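Below is one structure, written out as structure tokens; the observations come after it.
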Amino acid sequence: MITVRLVQSARRNQTAGWALLGAGALLALMLPWLVYPPIAVDILAWALFAMSIDILFGYAGMLSFGHAAFWGVSAYATGLAAIELGVPFPLAILVGAVSAALVAVPIGLVAVRTHGIYFTMVTLAFAQLIYYIANRWSSLTGGENGLQGIPRDFVGLEWSDPFVYYHAALLIVAIGFWVAWRSVNSPTGQVLVALRANPARVRALGFSVERYRVFAFVLSAFLAGIAGGVYAIGHRMVTLQDLYWTTSGEGIAMAVLGGTATLFGSIVGAALLVLLEDFLATSGIEATGSVTGAVFVLILLFFRGGIWGAVSAALARLRGTSQDDVLERPPPTGPAVPPSNAAEEATTQGSDVK
Amino acid sequence: MLRTERLVKEFRGFRAVGGKDGVDLAVREGETHALVGPNGAGKTTLFNLLSGALAPSSGRIYLREREVTGLPAHTIARLGVARSFQVSSVFDDRTVRSHVDLTLLAHSSLRTRFLTSVRSLGAFAERTTEVLELVGLGHLGDRRAGDLAYGQKRALELAMVVAADPAVLLLDEPTAGMGTEDIERTIDLIQRIKGGRTIVLVEHNMKVVGMLADTVSVLQAGELIASGTYSDVRSDPRVVDAYLGAHRA
Ligand SMILES: Nc1ncnc2c1ncn2[C@@H]1O[C@H](COP(=O)(O)OP(=O)(O)OP(=O)(O)O)[C@@H](O)[C@H]1O
Ligand SMILES: [Mg+2]
């Protein structure tokens, strides 16, 4: 009896999931008809960027305020690969993402030894360091001018049309979405969610907690790097702004607004903020920051789980119970959750030499 | 099986484990070895050392004949030493089954896969069912762990400890906070999961110690003051002084 009902509800969930995915895909394909194509590209890039932050924050419980480093390093590396080496843009983006991942390895090795707000501060500090280096190293980065006129070549097609580029970007970003979704729903993803709740327990089970944290960090940086590369090719330029901490802040705002630990919420959050900022910029309203901030606060005031959290809760209520799909998922993240048995964890971290 | 030599752990100069000359503990293969002592004696700290959660300040630890001093906790776990925690540490939002799956994952090559579906954990289904039935949670597999009764959570804790078939179990107060009925059930449960395993057990309840332990070691203020059979240790004057006589006879 009960099993039959569970199977039915699982099947219904699955159907609903596919329908939602289909609708989303259709909307994504039509997006450049609905909004100005360069804005559509921005939405893609920011969505993947926010998602990379959500993997780390929403699932593994690590709030990075340094993701601008990965977005920016990739943007510069992508631009340099395209300008200096003349590689086709998809390859340039790959070069960028790999660079971001490489930069993330040493940062991750240091940062994962800290927790909660300290992790956030350490990642911020590293990102600001990279910003500073990029500013100084102007022979490579162009300093204040940044990189200009990044070519957008690939098998001789006419990619300068933003409409055409959008579809290439969509394919690249969709691969990034898939990797993100797959990895949080993988065995490794299960370990990450568990270690967020109780790292000492997970370690005692036989998992190398630090290694999982570093892996999550580097994977997240790689995805942030794809996003930064897509953005750089889209704008055909890179500026220091891409490395600045406000870029990290923007990504976090999108992830939180859309709803953390949902992945798809990041897409919604990114779309909303990009469109809002574009609307404010073109309508000549001066106080862009305050309006965006107010929208942010209002949404989180009414929907604590973000937009996606509110929508999926409403859908669940509509369908009756069917909790089964929510079970293995972490609860929506509030600001910086400390590990639940912080004491035990602290003793295993502290000054003890391993 | 498990042996320490002059083991010492200090926290900022305070010697939680070690006493005068360090702790020499010897656990024989296949025995149930109870570790008793008043609150703050250093029992949990000793467990943290044995399981690798803490590195000792000095001294050595051997598992079988292999030195494991200073190895990280996850390595020691994979060498077949599984521990439970004094404070229940189940994952409230996970299902009961997925706790056991997670434990099995730690010992499987699937553990580093990130582009494989989580459904691959279905490979553990049979063993998971077996383990849950062993600890009496067979019918609660799909329940959220946070919704379990206290005794059931402790049983789930034990399921996680035995799932991967470890050679050594370190159980930190498995009956803590339980009423008589749950305690009886836990004694029974530990006897059932024992098999040929070696068990080290921290326990305040002397009835449980009497029922389960082959050997009893007494820790006081970080020092190992006695080790022997239950009746030997029970009549040891130092022990009576330090512990049994004082407040828990
Ligand atoms: N991480 C730590 N930092 C500093 N002191 C600690 C730490 N862990 C334990 N201690 C101290 O070491 C001593 C032994 O503690 P431990 O938890 O090992 O005792 P216990 O024998 O398990 O006691 P109980 O029966 O209450 O569980 C205590 O005085 C405790 O305050
Ligand atoms: Mg204790």
Would you please put B:233-241, A:56-64, B:105-113 in order of how densely packed they are, using the mean number of other Cβ atoms within 10 angstrom per residue and starting with the highest? A:56-64, B:105-113, B:233-241
Percent of beta bridges antiparallel (DSSP, chain B, rounded to nearest 5): 55 percent
Stretched out fully, how many nm does the piece from A:L300 to A:L91 gain, at 0.36 nm a residue minus the Cα gap? 71.4 nm
Rg ratio (alpha-carbon, reference 2.2 N^0.38 Å) - segment B:103-215: 1.16
Please give, to one decimal in nm, the separation of the simple spin-label points placed at A:D278 and A:R113, each 7 Å out from Cα toward the Cβ. 4.5 nm
Ranking request for peptides A:214-227, B:134-147, A:279-292: highest mean number of other beta-carbon atoms within 10 Å first, then the rest in descending order. A:214-227, B:134-147, A:279-292
Rg/Rh for segment A:1-133, where both radii come from Cα atoms and Rh is the Kirkwood radius: 1.11
Tell me the per residue accessible area of segment B:1-82 using a 1.4 Å probe; a whole number in Å² is fine. 41 Å²
From the helices alone, meaning DSSP H stretches of at least four residues, give me the mean residue ellipticity at 222 nm for chain A, per-run term -39500 (n - 2.57), in deg cm²/dmol to the nearest 500. -23500 deg cm²/dmol
Peptide ranges B:53-65, B:209-221 listed from the most packed, as the mean C-beta count within 10 angstrom indicates: B:209-221, B:53-65
Dividing the alpha-carbon radius of gyration of segment B:38-103 by 2.2 N^0.38 Å (N being the number of residues), what value is obtained? 1.30
Modelled label-to-label distance, A:W178 and B:S235, 7 Å Cα→beta-carbon offset: nm? 7.5 nm
Can you name the helices of chain A, as whole DSSP H runs, whose Cα span along the helix axis is 24 Å or more and whose Kyte-Doolittle mean is not below 0.0? A:2-34, A:37-54, A:89-111, A:116-136, A:162-184, A:209-235, A:264-282
Segment A:28-323 - percent of accessible surface contributed by carbon and sulfur, probe 1.4 Å: 70 percent
So for the pair B:E130, A:A125, with labels modelled 7 Å out along Cα→Cβ, what separation do we get in nm? 5.0 nm
Cα long-axis angle, helix B:180-194 against chain B (0 to 90 degrees, to the nearest 10): 80 degrees
Using 1/(1 + (r/R0)^6) with R0 = 35 angstrom and r between the beta carbons of A:A310 and B:R6, what's the FRET efficiency to the nearest 0.05? 0.05
Can you give me the accessible area per residue for segment B:137-191, using a 1.4 Å probe, in Å²? 37 Å²
At R0 = 56 Å, FRET efficiency that the Cβ-Cβ distance of B:K194 and A:S138 yields, to 0.05: 0.20
Angle, helix B:125-134 long axis vs. longest principal axis of chain B, Cα atoms, 0 to 90°, nearest 10? 40 degrees
Descending accessible area (1.4 Å probe), largest on the left, turns A:I267, A:I39, A:I117 into A:I117, A:I267, A:I39
Taking beta carbons within 10 Å but only from partner chains, what does the mean come to for residues B:82-92? 4
Segment B:110-156 and segment A:210-232 have their Cα centres apart by a whole-number Å value of 31 Å
Relative frequency of Cα-Cα separations exceeding 27 Å in chain A, percent: 47 percent
Between B and A, accessible area buried - total, square angstrom, nearest 100, 1.4 angstrom probe: 3200 Å²
Per residue of B:74-80, what is the mean number of Cβ atoms on other protein chains within 10 angstrom of that residue's Cβ? 4
Would you mind giving the mean number of other chain beta-carbons within 10 Å of the Cβ of each residue in B:165-174, as a whole number? 0
For the protein assembly as shown, percent of DSSP beta bridges that are antiparallel (nearest 5) comes out at 55 percent
Three principal axis extents, largest first, for the C-alpha atoms of the protein assembly as shown, in Å? 90, 62, 43
Using the Kirkwood formula on the Cα atoms of segment A:113-189, what hydrodynamic radius do you get, in angstrom to one decimal? 16.6 Å
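Hey, got the dipole for segment B:8-76? About the Cα centre, +1 on K and R Cβ, -1 on D and E Cβ, debye to the nearest 20?
220 debye
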Write down the accessible area per residue of segment A:14-146 in Å², having rolled a 1.4 Å probe over the full set of protein chains. 43 Å²
Please work out the Cα convex hull volume for chain B and give it in Å³ per residue. 131 Å³
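The values are calculated or read from the model by the stated rules, or taken from the named source; none is laboratory data. Since the structure is predicted, the reported quantities are computational estimates derived from the model, not experimental observations. Counting neighbours? That spans all protein chains shown, and the Cβs are built from the backbone with ideal geometry, glycine included. Please note that ligands, DNA and RNA were not included when accessible areas were found on the heavy atoms of the full protein model with its side chains. Shrake-Rupley method; radii C 1.70, N 1.55, O 1.52, S 1.80 Å.
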